[in-house]
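Notes to accompany the following structure.
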Amino acid sequence: MNILVTGGAGYIGSHTVRELINRNHRVVVLDNLSKGHRAAVKGVELIEGETADRDLLKKLFAKYDVEAVMHFAASSLVGESVRQPSGYYRNNVVNGLSLLDAIVESSVRYLVFSSTAAVYGEPREVPIPEEHPAVPTNPYGATKLALEGAMRWYEDAYGLRYASLRYFNAAGADPAGDIGEDHEPETHLIPLVLKTALGLMPCLEIFGSDYPTPDGTCVRDYIHVNDLADAHILALEAMAAGAPSKVYNLGNGSGYSVLDVVRAAEYVVGRPVKVSYAERRQGDPAVLVAGSDKIKGELNWRPRFAGLRDIIETAWLWHRGHPGGFRD
Ligand code: UDP
């Protein structure tokens, strides 16, 4: 299939691009390189531009005969979204709508959308099924939910066919070790733990130790980035084979606390990681663990990296080989 990938030079986007190419799809990446890296998509057609640029999108759809869009380009930090909701609504909702409009005015048939576990807010049950009420506790989750809502109404009115994938915590790197997570500034737990292990940071700050969890630190469900990539492709291929629009959770179904992650990383790197305790980060729910039975049952999706240590090992290979990220 001919596929346009917005945000394809970013972390999850670039891993998905690689997997698409491995499976013989034709890919063009649209990325403004505000967070993405040219080096993450070496050898791939990369258009530097904005998802908000409707004319550009329409030209690209026509030029490359695009049949499907995977939409990764977005702002995605919980803490930042609480401080700057305006930027999040603009980038994720306003620019997202502009993309939906360009899609329904063109011959693009399918959309795979990067959604998030943050749409659920504070869970009433764990693991969280897709039917769980969606009451986000931060603007990041609210903006992703807003675009999901638009997609549903665009389907009714304009026939948009979509799969919305609610990721839990994306982690790890391609086992080849040449692409991985590189954010500036880095805010995610696993890269920060590994950077601390590499001596690039004096210590890891743990945000909150008084959550209602077994060790007082937040519990998350870490899912390997290549398993996410795999789910995108399965969802797209299912739509192309006639499946209706769907919303799926993507996680391993196991919860690990911040301290569990630190211990697993210490095991992988073979040395202690210094930690200190800080205030809770605004907008963080105590526990987020996925119920992913729906996609397993319907699309036969099976995460290949089920264990936290396996996931951290792939991240370690990337960070150890590229302590300065793509600059190295
Ligand atoms: N976290 C932490 N210290 C850090 C970064 C993250 O304690 O320096 C915690 C954070 O509060 C959350 C978990 O680690 O409970 C995962 O955070 P991350 O930013 O990696 O992903 P998110 O859950 O926001 O998608």
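Condition test on His71, is it within 17 Å of the chain's Cα centre (by Cα) and surrounded by 22 or more Cβ atoms within 10 Å (Cβ to Cβ)?
Numbers: within 17 Å of the chain's Cα centre (by Cα): yes; surrounded by 22 or more Cβ atoms within 10 Å (Cβ to Cβ): yes.
When the stated conditions are applied, His71 passes them.
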- Note on the structure: Taking segment 266-310 and keeping residues within 16 Å of the ligand (Cβ to nearest atom), outside any loop (DSSP other than H, G, I, E, B) and within 24 Å of Ile128 (Cα to Cα) leaves Val287, Ala290, Leu308
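Residues of segment 51-72 being more than 16 Å from the ligand (Cβ to nearest atom) and under 30 Å from Ala286 (Cβ atoms), which ones?
Kept after step one, since they are more than 16 Å from the ligand (Cβ to nearest atom), are these residues of segment 51-72: 51-71.
Once the filter is applied, which keeps residues that are more than 16 Å from the ligand (Cβ to nearest atom) and under 30 Å from Ala286 (Cβ atoms), segment 51-72 yields only His71.
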- Query: Do you know which residues across segment 84-116 are under 18 Å from Ala68 (Cα atoms), open to solvent by 10 Å² or more (accessible area, probe 1.4 Å), in contact with a helix residue (DSSP H, G or I) (Cβ under 6 Å, 6 or more places away or on another chain) and not hydrophobic (A, V, I, L, M, F, W, C)?
  - Reply: Ser98, Ser106, Tyr110
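Residues in segment 271-302 that are basic (Lys, Arg) and over 21 Å from Pro136 (Cβ atoms): how many?
Let us first name the residues in segment 271-302 that are basic (Lys, Arg), namely 271, 274, 280-281, 294, 296, 302.
Adding the requirement that they be over 21 Å from Pro136 (Cβ atoms) leaves 271, 274, 296, 302.
The total comes to 4.
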- Message: Going by what's in this entry, would Leu198 be described as open to solvent by 20 Å² or more (accessible area, probe 1.4 Å) and farther than 22 Å from Phe72 by Cβ?
- Response: yes
- Message: Checking Leu46 against (1) touching a His at 6+ places or on another chain (Cβ under 9 Å); (2) farther than 22 Å from Pro191 by Cβ; (3) among the hydrophobic types (A, V, I, L, M, F, W, C), only one condition comes out false. Which one?
- Response: (1)
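Using the structure shown, decide if Arg124 is within 16 Å of the ligand (Cβ to nearest atom) and open to solvent by 10 Å² or more (accessible area, probe 1.4 Å). Show your work before the answer.
Numbers: within 16 Å of the ligand (Cβ to nearest atom): no; open to solvent by 10 Å² or more (accessible area, probe 1.4 Å): yes.
It is false that Arg124 is within 16 Å of the ligand (Cβ to nearest atom) and open to solvent by 10 Å² or more (accessible area, probe 1.4 Å).
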- Note on the structure: Of the residues in segment 1-46, those that are open to solvent by 40 Å² or more (accessible area, probe 1.4 Å) and among the polar types (S, T, N, Q) come to Asn22, Asn24, Asn32, Ser34
- Condition test on Ser81, is it open to solvent by 20 Å² or more (accessible area, probe 1.4 Å) and either within 16 Å of the ligand (Cβ to nearest atom) or farther than 17 Å from Phe113 by Cα (or both)? no
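The values are calculated or read from the model by the stated rules, or taken from the named source; none is laboratory data. Bear in mind that the values here come from a model prediction, so they are computed numbers and not experimental data. Positions of Cβ are backbone-derived with ideal geometry, glycine not excepted, and every protein chain shown enters the neighbour counts. These accessible areas exclude ligands, DNA and RNA; they are computed on the full protein's heavy atoms, side chains included. Shrake-Rupley method; radii C 1.70, N 1.55, O 1.52, S 1.80 Å.
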